[in-house]
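The values are calculated or read from the model by the stated rules, or taken from the named source; none is laboratory data. What you see is a predicted model, and the numbers here were worked out from it, not measured in a lab. Every residue, glycine among them, receives a Cβ derived from its backbone with ideal geometry; neighbour counts consider all protein chains shown. The area values use the complete protein model at the heavy-atom level, side chains included, leaving out ligands, DNA and RNA. Shrake-Rupley method; radii C 1.70, N 1.55, O 1.52, S 1.80 Å.
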Amino acid sequence: MPMNRVQFQPGLSLPAFLAQFGTEAQCQSALEQARWPEGFRCPECGHAHAYILQGGTHKIFQCQGCRKQTSLIAGTLFHSTHLELTVWFLAIYLISQAKTGLSALALKRQLGVSYPTAWLIQHKLMQAMSERDNAYTLAGDVQVDDVYLGGELTGGKAGRGSENKVPFVAAVSLTPEGHPQYAKMTPVAGFTRKAIAEWTASNLSPGCLVTSDGLACFNGVTDAGCLHNAIVVGARKPKDLPEFNWINTILGNLKTSFGGAYHAFDFDKYASRYLGTFAYRFNRRFHLDTIHNRLLVAAATIGARPQRWLRAAEAAC
Ligand SMILES: [Zn+2]
């Protein structure tokens, strides 16, 4: 992986960020632009003209067509927040720039908010990142591996069949030159052919060439229109095989990231959110200077994600 290209890119400095998003007015106008890049659209009737009502904390738009009032934050990730947008924007900056993720505790300290508030901000933003990333599928040559998350991230084989761990599929697509392109980290019901076929249908484009270590369940990729290249591992460990070079490198990064940034206690309940956040950041690793804007657009457009929903979401999956 051309890591130097990642590590030495300029990104966005804190002073530069604060110059752009340091005041409530700046954040409001950035949110308005992210939410309605072509100007206001009434969520109720689609009308393009509104009267602006000031007075409350956030700008209110009264539709000139149906007269419905829409607050700037209604229906966004910031729906009904009592926090200033400057706090949210700083959280977006800190979370998107943190190479290895950011815990709720670190966020609490840096934002000067309570732990429950920091937890909510963290999980809302992680949810936005995961949902954004889920919208894409991998294409071309893809390396996959079966991994368990929880307790200790083992990289797969030693933990196979373990209890109380979350099974997930790690996948990375390669460029024609063999460089890693995009990654996916997805919890699955188990390592069965059926689960892998379902995973393939929602995460890979048809016609991918999928390279695995030959675990039987990965034949499921052919049930969803992909080709399967099973490398027989035999006595060697997959980490020693060049075919799995990139997936192993990325899983090493994942282990470092989770070990350094988070406590493991809620991985089992919120696995897809943590894994999706890691993939989101990895997939935008060459865009550190614009990643905060991308996350803002995601937050402005995915819709409200209330606490009750966030706490229940994983169980419903
Ligand atoms: Zn309207």
Problem set entry | Spin-label model distance (nm) - residue 136 vs residue 308, 7 Å beyond Cα toward Cβ | 3.5
Exercise. Can you give the helix-only mean residue ellipticity at 222 nm for the chain, where every DSSP H stretch with n ≥ 4 adds -39500 (n - 2.57) and the sum goes over all residues, rounded to the nearest 500 deg cm²/dmol?
Worked result: -13000 deg cm²/dmol
Problem set entry | Mean accessible surface per residue for the chain, computed with a 1.4 Å probe while every protein chain stays in place, in Å² | 47
Problem set entry | Near-label residues of region 22-46 by backbone N, under 16 Å of a point 7 Å along Cα→Cβ of residue 66 | 40-46
Seminar exercise, completed: Percent relative contact order for the chain, counting Cα pairs under 8 Å at least six residues apart, stands at 23
Exercise. What is the antiparallel percent of DSSP beta bridges lying wholly in the chain, to the nearest 5?
Worked result: 75
For this session: Anything over 19 Å Cα to Cα? Flag those among 99/165; 99/255; 165/269; 165/255, in the order listed.
Result: 99/165
Seminar exercise, completed: Relative contact order as a percentage, region 167-220, C-alpha pairs under 8 Å and 6+ apart, gives 31
For this session: Distance from a point 7 Å along Cα→Cβ of residue 286 to each backbone N in region 173-187: keep the residues under 15 Å and list them by number.
Result: 173-183
Exercise. With +1 on each Lys and Arg Cβ and -1 on each Asp and Glu Cβ, how big is the dipole of the chain about its Cα centre, in debye rounded to the nearest 20?
Worked result: 500
Problem set entry | Cβ-based charge dipole, the chain, positive-most Cα from 206, 95, 233 | 95
Problem set entry | Packing-based order for 273-279, 295-301, using average beta carbon neighbours within 10 Å, highest first | 273-279, 295-301
Exercise. If the limit is 31 Å between Cα atoms, which of 108/194; 59/108; 68/108 go over it?
Worked result: 108/194; 68/108
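What percentage of the solvent-accessible surface of the chain, computed with a 1.4 Å probe over protein heavy atoms, is contributed by carbon and sulfur atoms? All intermediate terms of the calculation are to be shown ahead of the outcome.
Details: 8040 of 14930 Å².
Heavy-atom surface of the chain belonging to carbon and sulfur, 1.4 Å probe: 54 percent.
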For this session: Could you tell me which of rounded, prolate or oblate describes the chain, using a ≥ b ≥ c as the square roots of the eigenvalues of the alpha-carbon gyration tensor, with rounded for a/c under 1.5 and, failing that, prolate when a/b is larger than b/c and oblate otherwise?
Result: prolate
Problem set entry | 5 angstrom amide H check on residue 181, placed H, neighbours 5+ away | 173, 174, 175
Exercise. How much FRET efficiency would the formula 1/(1 + (r/R0)^6) give for residue 16 and residue 189, where r is the Cβ-Cβ distance and R0 is 30 Å, rounded to 0.05?
Worked result: 0.10
Seminar exercise, completed: For the chain, whose charge dipole is built from +1 on Lys and Arg Cβ atoms and -1 on Asp and Glu Cβ atoms, the candidate among 57, 128, 25 with its Cα farthest towards the positive end is 57
